[in-house]
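The structure appears below as structure tokens.
All of the numbers you see were taken from the coordinates with simple rules; none came from a lab. No experiment lies behind these values; they were computed from the predicted model shown. When we count neighbours, we look across all protein chains shown, and the Cβ atoms used for this are built from the backbone with ideal geometry, even at glycine.
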Amino acid sequence: MKTPTKRVTEAEQYLLDRIRRGNEQAWLEFVDRYRGRLLSFARAKLLQSADAEDAVQETFIAFIKSLPNYRGECGLETYLFVLLRRKIIDTYRSRQARHACLIQDTYGTQGDDQPSDPFAGVAGTDHTASWYVRADEKCELQRLALDDALSRLVDGFKSSLNFRDLQITELLFYCQLSNKDVAKVMNLKENAVGLIKHRSLKQIRKHVATSKIPVGPSSAEFEHILTDIWEFQRPSCPKRSTIGAYLLETLDEEWHKYVDFHVNTLGCKFCRANLEDLKAQNTKNQSTKLRARIMQSTAGFLNKNP
Ligand SMILES: [Zn+2]
């Protein structure tokens, strides 16, 4: 069988290897790297800040316990978000944590009336994050083919700067909004949305068919699977460095508008957590810089003549 596409960079892999060998410094580095964005995510869901800190702490515990099962099929950040989100849903019964994007709280999603959620199929143990870690070859092949199909779809939109269709497919498959609601958000006719949905689904199915992978029969089921995959691979989420550039307003206009849509209109909670974390870092850097500036400029006046 084909080796799954690795979502983990070499540097991350090196860090993980050191953690697996029990290197404390490496673990500290890892916690430092992800703590801020996880805390921002948890704070957006939980009113008590002590609860948010508890949830993040438990996420790191769950992560270290699940490390032997983590095979790098989804990015480290996404994996941590999955663990945290489950923790928040299970422990704090936060309904809103089920939604990956803010816009779903306003419009509701087609999946809301069904018990199904991305975590429903997950075994109730701490060390499984999703059906991703299910050792089922057919499931694995389907996942790989769909991962690949979604990445191609999204990359195609991005490389042709077709942000309109990208936004529509995000609203449809990532957020599971109805055609009617998508039309409202995008200020388009409902049948125009239907057409883009049809075209995208056709492209995805075609890609999967060429991989000779049979995909589930009903189209509703198929769309649920797409949402699951979208949440686990986040093919459209801007990189953290792109979110940083958005914050500094150094992106090209079209990209700036798109990131703004993703973070504010769609309200992707994972990217919002990154944005909040980056803002906090900037403030910290600025205040450290300011502190250094003040210290430097006042040094000459300090206590020279006691
Ligand atoms: Zn995102």
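Just a few scattered comments:
- Candidate aspartates and glutamates for bridging to Lys45, where Cα separation is under 19 Å - those fewer than 8 sequence places away on the same chain excluded: Glu53, Asp54, Glu58, Glu77, Asp90, Asp105, Asp112, Asp117, Glu231, Glu276, Asp277
- Maximal additional length on extending the Arg240-Thr91 stretch stands at 50.8 nm, based on 0.36 nm per residue less the C-alpha distance.
- Gyration tensor verdict on the range 238-288 (Cα atoms; rounded if a/c is under 1.5, prolate if a/b is larger than b/c, oblate otherwise): oblate
- Note, ³J(HN,Hα) from phi for the range 170-186, Karplus 6.51, -1.76, 1.60, rounded to Hz, x at Gly and Pro: 5, 4, 6, 9, 6, 9, 6, 6, 6, 3, 4, 5, 4, 4, 4, 4, 8
- Rough spin-label spacing in nm, given labels placed 7 Å along Cα→Cβ, for Asn191 and Asp32: 6.0
- Efficiency of FRET from Cβ geometry, Lys65 and Leu290, R₀ 35 Å, rounded to 0.05: 0.25
- When the listed pairs Lys239/Lys269; Lys158/Lys239; Lys65/Lys284; Lys197/Lys269; Lys158/Lys180 are checked against a 21 Å cut-off, the alpha-carbon distance exceeds it for Lys65/Lys284; Lys197/Lys269; Lys158/Lys180.
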